[in-house]
Amino acid sequence: MDKGSRSYIPCLLMLVLMLSMPLTNLPINETSDLSMDFESPTSARAQTTWSGVVELTESYTVNVTDELIIAPCTLVKLPIEARIFVEGRLSIEGDAACPVTISQVNTGLHYGIQFNQSSYGRGSVIDNLSIQSSMYGITIYGSNPILNNVSIINPSRVGVDLFSSANPTINDLLVDQAGRGFAYADWRYGIGLSVGAGSSPIVERAVLTDARIRGLNIWGDSGGIYRQITIDNITAEGALAISAGVWVEDSRPLITNVSVDKSDYGILIRHIDDGGYTRAVVRDCVVTNSMYRGIYVDKANHTNFTNYETADFTNTTVLGTGGPNAKTSGIGFAAIEVNATGAWFENTLIENSTTVGLRLYFVDSSTTFRNLTIVNSGDPGQGAHEAGLAIRSSFFAPTFDGLEISGSPGPGVSATSGGAMQGSNWFLHNNSEDGLFIESSTLIVDGLHLTDNGQSGAHVYDSRYVTLSNLTAIGNGNLGLSDVEQAGLLFEKSNDIETNSGDVTCNHCTVSYSAGIGVMIKDSVDLWLNHLTVENNAPAYDPISIDNSGLTLGQQGGQVNMHNVVVKTERQGTDSGPALNINRAAANIDLITMEGNHTGLIWNGNNNGNFPSSLSRAQLSGTTCLLLTEHNQISGVDNVITPQCTGSITLQNSNVNWSRFTDLTQSTVINLDSFSKLHLHQPNQIALSSAIIAPSGEIDVAWDISVWVQNNNSNGVPDSPVQISFDQYEPNAQQNTNQIGFVTFPDFIGQRWTNLGPSTVSTVTISCSYDGKSNSSSVQLDENKIVYCILPLDNQPPFLYWDDPEDSSVFPSASEVEFNASRSWDLDDDPLIWEWTSSIDGVIGNQASFVVNQGLGSQSLSDGIHQITAKLCDDKNNCVQQSRSIELSNLIPVLFVEFTPELNTFNELILPKTGTLKVNLTGTFDPEGDQLNCWISTSYGLTYPDQSIPQQSCDDLIEYTFPLTSTANNPAPPADTFSLSINVDDGVNPPVVLTYDTILFNEIPEPIFEIIRSENYSENVVTLDGSQTVDPEGDNLEIEFYSSLDGVLQWSDEPSGNVWQGHLSRGVHTIEMRVTDNAPEHVETYKVSSVLISVLNSAPIADIKSPTLADSYDSSDLVILSANGSGDFDSVCTSFNAIGFWHCASNEPAQGSEYLQVSWTSDLDGRLSS
């Protein structure tokens, strides 16, 4: 062939090769027009680059093996409803100066970009992209592209939409005006970023502005991390769904540094599906100018009371809810609301809300607030919602630690209709109404500071179980228009019936500088004021006022309880009045001091139910001092008239009984009307001669009479009858002396004072007797008397006081027994002679106290039932004796047993057929220390250890494995159900036997397998060797090997099925070996063993089969380039060209095939092909 022919043939072959190459392998120039009319969507192959203006006529797909590159400044035009589908790799390479733009062809909305699940792990990156005129901006199904600096303007439905466990990384996202100017029949439009169906992106810096329904929408068991999110102007404008800056539904995201401004709802977290779990974590959050609610945490079903913590907020600020900068002002519901669920808020500020700052409904102890501040929030005239914080129907109290509320148009806190609360360190100040208002609710607070509130510092109304501790109320009530509004503390109908529970309590409380009454109590009982200080309140008002005149119905009534009360007041001139004023109330007052200028204590005790009262340890003072009116019964001890008492003790229609009443002035007048009686027990320095007593009025003075009954040796005579009789006022009385010969008769009237003066002093006759001898004497009862009644007794037998052992005691054989009667003594101081005898062993002791059975040289006491007699005589042979029965016997062993496996709730033993039973007898003992023998036995004849040869052993642990077949002395169970007994024998008593029903079951074998591989890459063969797994009963096995990434690797019921060989996809796998046997009861029941392994990404292999090093060509030769055997084991074989053979995976890897491109280059000619 000539030279011309030889050059023609290679040129022809090269021309055919070039014509066969797809056009999409070539770059598209700026003027390119893809207006091609194909029957099916356009498809990219290999690597394609767009630049300039690219106008499509239909949707475009980046195939799983391909890459689409869009150069900076490119304008991509999509027709109506068209999308760019990404199944391979998409690289958009815009920059800040020249971004890529996707817009519409003419009119109508395109559908933007959609990443399908096959694009996962293929490295798609979008930089500096602007999307306009779209219904959807970017939609991601189960993929993980990286989005940087993406702007989506006016998408009608969703800017960025995530489904199917998508987890992209998104940086610097802008979605503006989502849904503006559009309306649809459904609600799902006008959304900036929507994350759903298990997706969990990482979002760093996003601006979601002017959307119609949602800025950030998270739903369907999704998560993710969201940082530096800015959201504003999310308003519904008549849409069919709640409009919120952030919506979290049944998901668990972490959101930090988020700001939401001018939204209908700032942040809404809602639990809907009880099959899932909701827990949103929000850090460093600012919500401003919301129209309805700033933050709303709720449950869709408000009647589902299974609350748990669905939201966790830290460092939260909510400003201007319902305020002038909201879309519409004055229609807000709450700055923060938690409804029928639980939440955690820490470091929270609520300010300038035109509605209630915090609203709680159906919450419980799963809700906690720490360091909550509410300023200038509340809706005037709207009941509970004019408060800074309103709570109701929360019967298991949420916790508030560190609460400050000020500037509310209503109360600081309103707890009504079961709005239970608990907490510590509350500061409620400068609120227009009450600092704290409680109605029909339970509250427990420690550290409550109430200052400068317009009405009462705290108002407790019709409530039970209220405990306020370490309370300070200062300067409250200045805006009040009535007494109840001006009180420092107000208790109104705080229990109207006396019960054993539900007390209202104020512990360590101080009330000062109130505009009205310091502490006001109206129609309240079961009220406890402990360690109360009331000082420097408005002098025109009573420092403490109690008025229960409204308790008039049925069983209404009870007592007010006050302990350690200090009142300091200056009430003079026109402001003169009492320090404590009680009207128609029963009370128990213990330890009260009234300081300053006042009229004293005025108390009307007439109360519904005629409950008694008491006044004890009162320091009485004041210009009136004490006025008691209509007390049916009032008692007390240790009351003192101080020098500051310049008035009198006045009783009107009252019955008073006081002990140790003292007058330090020795001159205070006691004034009784005709219907009063005063009983004074052991009075001190009372000026009875100055008393003013109306006709029928009486003052009784009573004393104690103590009697010593002694013999001539001045020893007290025990159990001596003593009688006392009176010549007036009192009936006779009798008591026996105690063991030392002493008895006291307390509180008997010695003198009576009437309007006629004092009576004569009562004469008391004291008589005593013993052993036929008696004596009597008389005394005048003008003070406490001690009387010695001497009996000239003959020599008396001793007094025997036997302490141990008690009658009918039972002791183990040969155990130590203490006999103790050492408190015995002789009235005549004679020497004592002891004799202890046993009905079995005779004399056993001769001392007051001794111990038997102490060993060598000690008195022993035999087994049996003993009649023990203790005989005590003096040296004059005057004797006394007592007898008791005790028993010493060989007691049965004390058996302690524990099983492994443990007994079930029915006290049955259930264990595998071939399992090992462990019987732990630790702690089992014999009271006498006899050698024990322990064994187990069964109802089918097993005895273990074997008892055919007598033995004496009791191991702490007996282990036994039931055999499948019988052998000598070791029978197999004939059935799966039998009884098993634990036997313990001390060789003396019959064995102690405990019997248990026992059930054996067919056991599923434990899966045992090992992983064998040469290296840790996806291209290396993996062997899962489970050959060590065997069935204890010999049943046939069913084995399944499973991967968390690749699914079921193998299932087999053949013997060879315990080994699997193959390849695993790259990634971290949980490998499970699931095993069962063919027993019918084990259908669908498996035991599982799992191992976590990592499979590394295999490196691609490049293998040039042709040309070889041995080949040489001239420039006219056609060179065949062959890469057969090249490839990547992290890609499925079907992703490669069907021509040739490849190094690849036969199945699709779990995380998708990796993008792989074959590129041929020459160091002289450059790129040859791809």
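As a check on your grasp of the helix formula, calculate [θ] at 222 nm for the chain: sum -39500 (n - 2.57) over DSSP H runs of n ≥ 4, divide by the residue count, round to the nearest 500.
On the way: 2 runs with 22 residues, N = 1170.
Calculated mean residue ellipticity at 222 nm is -500 deg cm²/dmol.
Report the Cα centroid-to-centroid distance between region 950-967 and region 360-422 in angstrom, as an integer.
Cα centroid of region 950-967 versus Cα centroid of region 360-422: 67 Å apart.
Report, to one decimal in Å, the Kirkwood hydrodynamic radius for region 66-143 based on all distinct Cα pairs. Mind dumping the intermediate values first?
Values: mean 1/r = 0.0800 Å⁻¹.
Taking the inverse mean of 1/r over all distinct Cα pairs, region 66-143 comes out at 12.5 Å.
FRET efficiency for E1015 and A185, Cβ-Cβ distance as r, R0 = 51 Å, nearest 0.05? Mind dumping the intermediate values first?
On the way: r = 58 Å, r/R0 = 1.14.
Approximately 0.30, to the nearest 0.05.
Label points 7 Å out from Cα along the Cβ direction at Q685 and S667: separation in nm?
1.3
For region 1080-1170, run through the GluC sites (Glu not before Pro) and keep only the ones in DSSP coil with at most 14 other Cβ atoms within 10 Å of their Cβ.
Numbers: sites: E1081, E1084, E1154; in loops: E1084, E1154.
Those that pass, being in a loop and sparsely packed, are E1084.
Once you have a ≥ b ≥ c as the square roots of the Cα gyration tensor eigenvalues for region 703-790, tell me rounded if a/c is under 1.5, and otherwise prolate or oblate according to whether a/b is larger than b/c.
Numbers: a/c = 2.62, a/b = 2.49, b/c = 1.05.
Prolate, since a/c reaches 1.5 and a/b exceeds b/c.
In debye, nearest 20, what is the charge dipole magnitude of the chain about its Cα centre with +1 on Lys and Arg Cβ and -1 on Asp and Glu Cβ, if you could check?
Values: 49 positive and 135 negative charges, 838 e Å.
Magnitude of the dipole: close to 4020 debye.
Please report, in whole Å, how far the alpha carbons of region 809-889 spread along each principal axis, starting with the longest.
40, 23, 19
In nm, to one decimal, how far is the modelled label at T256 from the one at F896, with both set 7 Å along Cα→Cβ?
Here the modelled spin labels are 5.3 nm apart.
Between K677 and N712, what FRET efficiency follows from the Cβ-Cβ distance if R0 is 56 Å, with the result rounded to 0.05? Mind showing how you got there, number by number?
Details: r = 45 Å, r/R0 = 0.80.
So, using R0 = 56 Å, E works out to roughly 0.80.
When only Cα pairs under 8 Å and 6 or more residues apart are kept, what is the percent relative contact order across the chain? Spell out each step's value before the answer.
Details: 3758 pairs, mean separation 37.8, N = 1170.
Once normalised by length, the contact order is 3 percent.
Could you tell me what percent of the DSSP beta bridges with both partners in the chain are antiparallel, to the nearest 5? Provide the component values of the computation, followed by the final result.
Values: 115 of 413 bridges.
Bridges in the chain that DSSP calls antiparallel: roughly 30 percent.
Please work out whether region 1010-1095 counts as rounded, prolate or oblate from its C-alpha gyration tensor, where a ≥ b ≥ c are the square roots of the eigenvalues and a/c under 1.5 means rounded, while otherwise a/b larger than b/c means prolate and anything else oblate?
Numbers: a/c = 2.60, a/b = 1.98, b/c = 1.31.
It comes out prolate by the Cα gyration axes.
To the nearest 0.05, what FRET efficiency results for N877 and Q572 with a Förster distance of 56 Å applied to their C-beta separation?
0.10
Express in % the proportion of alpha carbon pairs of region 625-696 at distances exceeding 19 Å. If you can, show how the numbers build up before the last one.
Details: 639 of 2556 pairs.
Of all Cα-Cα distances in region 625-696, 25 percent exceed 19 Å.
Out of all DSSP beta bridges with both ends in region 625-696, state the antiparallel percent to the nearest 5. It would help to have the intermediate numbers written out before the result.
Working: 0 of 22 bridges.
Antiparallel bridges make up about 0 percent of those DSSP assigns within region 625-696.
Which chymotrypsin sites (Phe, Trp or Tyr not before Pro) in region 822-926 sit in a loop by DSSP (not H, G, I, E or B) and have at most 14 other Cβ atoms within 10 Å of their own Cβ? It would help to have the intermediate numbers written out before the result.
Details: sites: W825, W834, W836, F850, F896, F899, F906, F925; in loops: F896, F906.
Passing sites in region 822-926 are F896, F906.
About its Cα centre, what dipole magnitude does region 275-414 give when the only charges are +1 on Lys and Arg Cβ and -1 on Asp and Glu Cβ, stated in debye to the nearest 20?
Numbers: 8 positive and 12 negative charges, 58 e Å.
Value, rounded to 20: 280 debye.
What does the extension gain come out to for E1033 and S858, with contour length at 0.36 nm per residue minus their alpha carbon separation? Don't skip to the end; give the middle numbers.
On the way: separation 175, 0.36 × 175 = 63.00 nm, distance 6.25 nm.
My answer for the length gained is 56.7 nm.
If I fit a long axis through the Cα atoms of helix 3-20 and take the longest principal axis of the Cα atoms of the chain, what angle between them do I get, 0 to 90°, rounded to 10?
Tilt of helix 3-20: around 30 degrees.
Of the listed values (i) 34.5, 106; (ii) 70.0, 188; (iii) 48.3, 168, identify the label whose number matches Rg and Dmax of the Cα atoms in Å calculated from this model.
(iii)
Taking 0.36 nm per intervening residue step and subtracting the Cα-Cα distance, what contour gain separates Y1113 from T760 on full extension?
Values: separation 353, 0.36 × 353 = 127.08 nm, distance 15.25 nm.
Length gained between Y1113 and T760: 111.8 nm.
By how many nm would the segment from V988 to T1134 lengthen if fully extended, with 0.36 nm per residue of separation less the alpha-carbon distance? Walk me through the numbers on the way to the answer.
On the way: separation 146, 0.36 × 146 = 52.56 nm, distance 8.56 nm.
Result: 44.0 nm gained on full extension.
Could you give the distance between the Cα centres of region 264-289 and region 473-548, to the whole Å?
With region 264-289 and region 473-548 each reduced to a Cα centre, they are spaced 41 Å.
Where a number appears in this text, it was derived from the coordinates with a stated rule and is not lab data. Since the model is a prediction, treat every value here as computed from it, not as a measurement. Here the Cβ is made from the backbone with ideal geometry for all residues, glycine too, and neighbour counts use every protein chain on show.
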